[in-house]
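The block underneath contains the structure these notes are about, expressed in structure tokens.
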Amino acid sequence: MKALVLTGVKEFEIQDLDTPEILPNEVLINTAYAGVCGTDHDLYAGRPGSASAVPPIVLGHENSGVVAAVGSAVTNVKVGDRVAVDPNIYCGQCEFCLTQRPELCDHLSAVGVTRNGGLAEQFTAPASVVYKLPDNVSLRDAAAIEPVSCAVHGLGLLKLRPYQKALVIGDGFMGQIFAQLLQAYGVHQVDLAGIFDEKLQRNKEQFGVSETYNTTREQIPADSYDVIVEAVGLPTTQAQAVAAANKGAQVLMFGVGPQEAHFEMNTYDIYKKQLTIRGSFINPLTFRDAISLVSSGKMNIGGLISHELKLEEVQDFLEGKITGVSKAVVKVGK
């Protein structure tokens, strides 16, 4: 089978690999689409994602496809089913798994990170992380279910009410997902801050965003928001998120920043405003919710997918040679 193999730091090779064998509890999937995200940029550059990727490895953790074979113990899917795959696999035995915090698992593994993923014509996954798709969810859209599930987990850490005024900082794919998701959860006003006029305008005209701010020339109002989602991961935007918080606000630090980065905040403001500042990591037990949100029409992720790549184009994309991307998916299967 054809596969794009990460062979070293910033080194890819198209290789012909054997069809992977499956264990009794595993599923073999003919890949349809694989999404490419910021985690793949990190893994390509030799930095860790949810875990470290050790070459040679096939990346691709946002995957959809069709079941090609199932192990003898598999009962939840069958050959021919259209599926999406939650990449994250938990040990079920560490302290965090046993106290209902599996996302913090001491032995986390992941499809497309620690084991071969969807940038190949076929890949395997435990049946426990393989989800059958509703008929009205396309395989193309399904390649973006995983990032939606991560956003669902993030908002699940907050207390959301309809009266709240929310701000999302970041007009990348995840920021736009959060803007839609907050509306789907009933928050009455959702604003978006970013740096691209075209994206900001489209979210206002097509996706229900109330107000937008281009932070290259506009200031985000201070002390104004009840919920702030930081979806960039830079010290500047993290500081903006705290500054925008009203009294009693909740700030979700979702953006993944460099490991060595720090930002400053006024500690007295945290006390005086009684702020809640939360981190959010991956997507424990939120995949079914994400599929339901897309199937119901409350999330329009297809409208955010701007580029469909070939395996041979992935390296150019990760090198920044393909521009103007909202969300890229790789068409792997026929």
**Request:** Would you confirm whether any residue within segment 64-83 is modelled with pLDDT under 95 and of a type in the set (D, E, K, R)?
**Result:** no
**Message:** Can you tell me which residue is least open to solvent (accessible area, probe 1.4 Å) among those in segment 91-120 that are closer than 20 Å to Pro24 by Cβ and free of Cβ contacts under 8 Å to residues at least 60 places away in the same chain?
**Reply:** Val111
**Request:** Could you figure out which of (1) buried (at least 17 other Cβ atoms within 10 Å of the Cβ); (2) within 21 Å of the chain's Cα centre (by Cα); (3) aromatic (Phe, Trp, Tyr) isn't true of Tyr225?
**Result:** (2)
**Asked** Conditions: (1) touching a Phe, Trp or Tyr at 6+ places or on another chain (Cβ under 9 Å); (2) over 30 Å from Val325 (Cβ atoms); (3) open to solvent by 30 Å² or more (accessible area, probe 1.4 Å); (4) not β-branched (Val, Ile, Thr). Lys10 meets all but one. Number of the miss?
**Response** (2)
**Message:** Consider segment 36-58. How many of its residues are in a loop (DSSP other than H, G, I, E, B) and not polar (S, T, N, Q)?
**Reply:** 12
**Item:** Answer from Ile228, Ile195 - the residue that is over 21 Å from Gly303 (Cβ atoms) and not basic (Lys, Arg)
**Value:** Ile228
**Item:** Test set (1) touching a helix residue (DSSP H, G or I) at 6+ places or on another chain (Cβ under 8 Å); (2) aromatic (Phe, Trp, Tyr); (3) open to solvent by 20 Å² or more (accessible area, probe 1.4 Å) - Phe287 fails condition number
**Value:** (3)
**Residue in segment 196-211 that is crowded, with 18+ Cβ neighbours inside 10 Å, in a strand (DSSP E or B) and free of Cβ contacts under 8 Å to residues at least 40 places away in the same chain present** = no
**Message:** As an exercise: evaluate Ala243 against (1) farther than 23 Å from Glu103 by Cβ; (2) within 14 Å of the chain's Cα centre (by Cα) and give the number of the one condition it does not meet.
**Reply:** (2)
**Prompt:** Quick one: which of Ile228, Ile220 is under 22 Å from Pro162 (Cβ atoms) and at pLDDT 95 or above?
**Reply:** Ile228
**Asked** Can Ser64 be described as of a type outside the set (A, V, I, L, M), in a loop (DSSP other than H, G, I, E, B) and within 26 Å of Phe173 (Cα to Cα)?
**Response** no
**Asked** (1) open to solvent by 40 Å² or more (accessible area, probe 1.4 Å); (2) more than 17 Å from the chain's Cα centre (by Cα): which one isn't true of Phe281, the others all being true?
**Response** (2)
**Item:** Residues that are of a type in the set (Phe, Trp, Tyr) and in a helix (DSSP H, G or I), drawn from segment 67-111
**Value:** Phe96
**Asked** Within segment 16-36, is there a residue that is surrounded by fewer than 19 Cβ atoms within 10 Å (Cβ to Cβ) and either more than 26 Å from Ser128 (Cβ to Cβ) or in contact with a Cys (Cβ under 9 Å, 6 or more places away or on another chain) (or both)?
**Response** yes
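From the residues in segment 52-73 that are open to solvent by 20 Å² or more (accessible area, probe 1.4 Å) and among the hydrophobic types (A, V, I, L, M, F, W, C), which one is farthest from the chain's Cα centre (by Cα)? Working first, answer last.
Our first condition is that a residue be open to solvent by 20 Å² or more (accessible area, probe 1.4 Å); within segment 52-73, this holds for 52-56, 66, 68-70, 72-73.
Narrowing further to those that are among the hydrophobic types (A, V, I, L, M, F, W, C): 53-54, 66, 68-70, 73.
On the way: Ala53: 17, Val54: 21, Val66: 21, Ala68: 26, Ala69: 27, Val70: 27, Ala73: 30 Å.
Applying the filter and picking the extreme gives Ala73.
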**Request:** May I ask you to list the residues in segment 1-35 that are in a strand (DSSP E or B), touching a Leu at 6+ places or on another chain (Cβ under 9 Å) and of a type in the set (D, E, K, R)?
**Result:** Lys2, Glu13
**Asked** Can you name every residue in segment 176-186 that is open to solvent by less than 10 Å² (accessible area, probe 1.4 Å) and touching a strand residue (DSSP E or B) at 6+ places or on another chain (Cβ under 7 Å)?
**Response** Phe178, Ala179, Leu182
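The values are calculated or read from the model by the stated rules, or taken from the named source; none is laboratory data. Treat the numbers as computed from the prediction; the structure is a model and nothing was measured. In this analysis, Cβ positions are derived from the backbone assuming ideal geometry, glycine residues included, and neighbour counts consider all displayed protein chains. Each accessible area value is taken on the protein alone, full model and side chains, heavy atoms only, with ligands, DNA and RNA left out. Shrake-Rupley method; radii C 1.70, N 1.55, O 1.52, S 1.80 Å.
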